[in-house]
Every structure is written in C-alpha cells, then in structure tokens.
Amino acid sequence: MSSPCDPQYAPVGDVGAALMVIDSRLKAIYDGKAETDPEQQQLSDQFAASLGPDEVKDMLDGACTLIYMFMQWLRMAHEDHDRDVIEYVVPSFVASMRMMPKSICPEVIPTMTGLVVAAGTGLSPNLWRKQYGDWSEAEMNPLEATAVLLAEHINRLTDDRDFATRMISEALSSSPEA
C-alpha cells in the first residue's frame, strides 16, 4: 500500500544548490571554523535575499532530498551489518542537535528527528513535514544542520571528508535529468 509520503510523490527540489550550502558548511567545520566567516555570511545572506518564494521552496525540497538520500545510504550501510539505522543514527543526531542551543532551539529538535526517522523508514521528509503546515523560520537553521550532521556522520563512517558530497554529486551527474 502506497503512502502519501512516498518519495515518488515528492518534489526533488534544487539538490545542487542545497548540496553547495551543505558542502560549504562541512568544509568550514573541517577547517576548524566554528563561527561563520562574516564575508561568507554576507554572501550567504545576499544569496538568500535574491531567492524568490519558488526558489526558496526548491532549496527546502533539495535539502529534504539530501536528507532522504543520506538516510537511505546510512540505512543500507547499517543493514549490511544487521543494524537498525534508527537505533544507530538518531540518538547521536539528537545529542548533536542538543549541543547547538545557539542555532537550534529545543522546540524544533522533535521535528528534525521526525524528518530523519521518516527518511530512514523510506518516507519523503518534505512530504512528511508538509502534513504539519508550512516551514517556520525557526526550522531553517535546524534543517540545514540536519543535512550537515547526516553528511558528516557518513563522512566519519567512511573516513573520507568528501564522501557524502561526492556520493550526491555522482548521483546527480548520472541522473537522466542532469
């Protein structure tokens, strides 16, 4: 039986732009830059201000597609070792989010956890979230952090700082729509 949250019904969004943002954040983290460079932040703010409502929606959908793809990779990797992805990914994910109180208010952690669980169980994160109304401003940083944390988790598992980004880039380049 098909679910209304089945990924086949989900818009893919602008995965390339979302991946660029996530990759930029990962590189900053790996370079030891906990705080965003003011010049980089200004460029990010200008980029965000230049987006229209449809482009913002495409970026949100793209970030959710990344979360889905990351969780599917993690699910397969964990299943290869007879482990449940939810059991092995979600607790550390929640703990990491709780350690970022300046960027992530505690009220949105359940929503981001729901996105991760939805993706880990084969549902579309953006369609799952859509059931609860429009995205809030308070969910924007946590959504980005969710994708970054999952990508970083994959990079740590593979012992390769570029693995998650490369995996998505290769999937995009081999896509018939690319």
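The values are calculated or read from the model by the stated rules, or taken from the named source; none is laboratory data. Everything numeric in this text was worked out from a predicted model, so none of it was measured. Backbone-built Cβ (ideal geometry, glycine too); neighbour counts: all protein chains shown. Calculation scope for accessible area: heavy atoms of the full protein, side chains included, ligands and nucleic acids excluded. Shrake-Rupley method; radii C 1.70, N 1.55, O 1.52, S 1.80 Å.
So what is the 222 nm mean residue ellipticity for the chain from helices alone, if each DSSP H run of at least 4 adds -39500 (n - 2.57) and you divide by all residues, rounding to the nearest 500 deg cm²/dmol? Walk me through the numbers before you get to the answer.
On the way: 8 runs with 119 residues, N = 178.
Theoretical 222 nm ellipticity from helices: -22000 deg cm²/dmol.
Full-extension gain between L51 and K33, please, as 0.36 nm times their residue separation minus the C-alpha to C-alpha distance.
On the way: separation 18, 0.36 × 18 = 6.48 nm, distance 2.63 nm.
The span from L51 to K33 would gain 3.9 nm if fully extended.
Run the dipole for the chain about the Cα centre, Lys and Arg Cβ at +1, Asp and Glu Cβ at -1, nothing else charged, and hand back the magnitude in debye, nearest 20. Each step should come with its number before you reach the end.
Values: 13 positive and 28 negative charges, 71 e Å.
Its charge dipole is roughly 340 debye.
If you take the square roots of the eigenvalues of the alpha-carbon gyration tensor of the chain and sort them as a ≥ b ≥ c, do you get rounded (a/c under 1.5), prolate (a/b over b/c) or oblate?
rounded
Would you mind classifying the stretch 99-151 by shape? Square roots of the alpha carbon gyration tensor eigenvalues, ordered a ≥ b ≥ c; an a/c under 1.5 is rounded, otherwise it is prolate if a/b is larger than b/c and oblate if not. If you can, show how the numbers build up before the last one.
On the way: a/c = 2.05, a/b = 1.31, b/c = 1.56.
Taking the square roots of the gyration eigenvalues as a ≥ b ≥ c, the stretch 99-151 is oblate.
For the stretch 1-156, what is the accessible area per residue in Å² when the probe is 1.4 Å?
56
Which order do the peptides 82-89, 18-25 take when ranked by the mean count of other beta-carbon atoms within 10 Å per residue, highest first?
My ranking of the peptides, most packed first, is 18-25, 82-89.
Ordered by packing density, taken as the mean number of other Cβ atoms within 10 Å over each peptide's residues, highest first, how do 50-56, 106-112 rank?
On the way: 50-56: 10.7, 106-112: 15.4.
Put in order of decreasing packing, that is 106-112, 50-56.
Relative to the Cα centre, what is the charge dipole magnitude of the stretch 129-178, using +1 at the beta carbon of each Lys and Arg, -1 at the beta carbon of each Asp and Glu, and rounding to the nearest 20 debye?
Here the size comes out at about 120 debye.
Answer with one residue from A171, V148, T158: the one whose Cα lies farthest towards the positive end of the charge dipole of the stretch 136-178, charges on Cβ with Lys, Arg +1 and Asp, Glu -1.
Projecting each Cα onto the dipole axis, the largest value belongs to T158.
From the square roots a ≥ b ≥ c of the eigenvalues of the alpha-carbon gyration tensor of the stretch 138-178, which class results: rounded (a/c under 1.5), prolate (a/b over b/c), or oblate?
oblate
How do L172, L127 rank by accessible surface area computed with a 1.4 Å probe, from largest to smallest?
L172, L127
Say we join alpha carbon atoms closer than 10 Å with springs in a Gaussian network model of the chain; which of S124, S136, S92 then has the biggest fluctuation?
Sorting by GNM fluctuation, first place goes to S136.
Roughly speaking, to the nearest percent, how much of the chain's 1.4 Å accessible area is carbon and sulfur?
Of the solvent-accessible surface of the chain, carbon and sulfur hold 54 percent.
Going from most exposed to least, what order do V148, V117 have by accessible area with a 1.4 Å probe?
Highest to lowest solvent-accessible surface, that is V117, V148.
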